[in-house]
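First the structure, in the form of structure tokens, and then the observations on it.
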């Protein structure tokens, strides 16, 4: 009901032609959204790399939005196409990705466009936007120094450029500047941790470390140790570079590793690897006496009696799927066969 009332209020403000085209906020609220091309946009990540953020709150059929669209585009081009002091984006409350793409094609927009499907309505609510167009400028220290359209009248591309210049945003040629990616990512295991090392990017000021597609750290060195891991899980890593004022680089090579940590099922420290396994499963631990392997239906498919500390089990004849190994009749661990 609250959402419905908010939508009604926004539409009323738009159709009534109100001129309260601003936000009452003086400090930015963080958000993560997805533009209509599927790219993730994280506000504070952009600010943290030293760029200001200029946001145009619009919608497809807004007449005034259509009038100023070429001027916003002109300012975007004149200030370096999101590669230097300022990062442009536009956000719609009510337009889905198809409508946003229609807008992009009509006005030649090259900066990110976020619609309702990518979280645009939530951002409107966060910033209290009640009419369109609303234009705001957020500085890297999170302060909102331009809070609305009225601060930019009389309106032209030069008016926007001059307004931005008051906050140190300079003009640049609109050219693609590469942020070199790090290379030769390598992984090793030691002391129940995974250590990452890579070759530096010539243009980097810091690096982002991703595990399974999620950023877990930003570091200034060309190495990182990941200790937040679970026994016998496979983890895949990549590293990107951050460059002064420019977009994040392409990722390094992606490397995966099965973490052979301490067992989570007791203190004996039994380990299974690799997992998933193709042809040979290795089981390691002290005082191993018996090993029994069961399939997902609970049927025993293998049994080994031994006094060795390292055992290999041939899985070449196993069907693909989930299996369980019981060690000394008191510890059960899961593994996957994938040929």
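The values are calculated or read from the model by the stated rules, or taken from the named source; none is laboratory data. These numbers were taken from a predicted model, which means no experiment stands behind them. All Cβ positions, even for glycine, are placed from backbone atoms using ideal geometry, and neighbour counts span all protein chains on display.
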Inset, instruction - All but one of (1) under 30 Å from residue 64 (Cα atoms); (2) modelled with pLDDT of 85 or more hold for residue 151, so report the exception by its number. - result: (2)
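Can you tell me which of 311, 288 is at pLDDT below 85, touching a strand residue (DSSP E or B) at 6+ places or on another chain (Cβ under 9 Å) and either at positive phi or part of a loop (DSSP other than H, G, I, E, B) (or both)?
288
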Inset, instruction - Report yes if residue 71 is under 26 Å from the mean Cα position of the chain (by Cα), part of a helix (DSSP H, G or I) and within 16 Å of residue 163 (Cα to Cα), otherwise no. - result: no
Legend entry - Filtered residues of segment 196-221 (kept if under 18 Å from residue 257 (Cβ atoms) and in a loop (DSSP other than H, G, I, E, B)): 212, 213
Inset, instruction - Give the residue, chosen from 29, 53, that is more than 18 Å from residue 99 (Cβ to Cβ) and in a strand (DSSP E or B). - result: 53
Legend entry - Residues satisfying the stated conditions in segment 21-41, i.e. closer than 17 Å to residue 136 by Cβ, exposed (fewer than 15 other Cβ atoms within 10 Å of the Cβ) and either touching a strand residue (DSSP E or B) at 6+ places or on another chain (Cβ under 9 Å) or modelled with pLDDT under 50 (or both): 26, 27, 30
Legend entry - Conditions (1) outside any strand (DSSP E or B); (2) within 24 Å of residue 248 (Cβ to Cβ); number of the one not met by residue 88: (1)
Inset, instruction - Return yes or no: is residue 201 over 30 Å from residue 127 (Cα atoms), at pLDDT below 90, buried (at least 17 other Cβ atoms within 10 Å of the Cβ) and more than 20 Å from the chain's Cα centre (by Cα)? - result: yes
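Conditions tested, residue by residue: (1) in contact with a helix residue (DSSP H, G or I) (Cβ under 8 Å, 6 or more places away or on another chain); (2) in a strand (DSSP E or B); (3) in contact (Cβ under 8 Å) with a residue 40 or more places away in the chain; (4) closer than 26 Å to residue 206 by Cβ.
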| residue | (1), (2), (3), (4) |
| --- | --- |
| 95 | yes, no, no, no |
| 98 | no, no, no, no |
| 104 | no, no, yes, no |
| 111 | yes, no, no, yes |
| 145 | no, yes, no, yes |
| 159 | yes, no, yes, no |
| 163 | yes, no, no, no |
| 169 | no, no, yes, yes |
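Just to be sure I understand, how many residues within segment 291-308 are over 22 Å from residue 338 (Cβ atoms) and at pLDDT below 85?
Looking only at that region, the number is 4.
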Inset, instruction - Check 83, 102 and return the single one that is modelled with pLDDT under 90 and either under 22 Å from the mean Cα position of the chain (by Cα) or farther than 24 Å from residue 159 by Cβ (or both). - result: 83
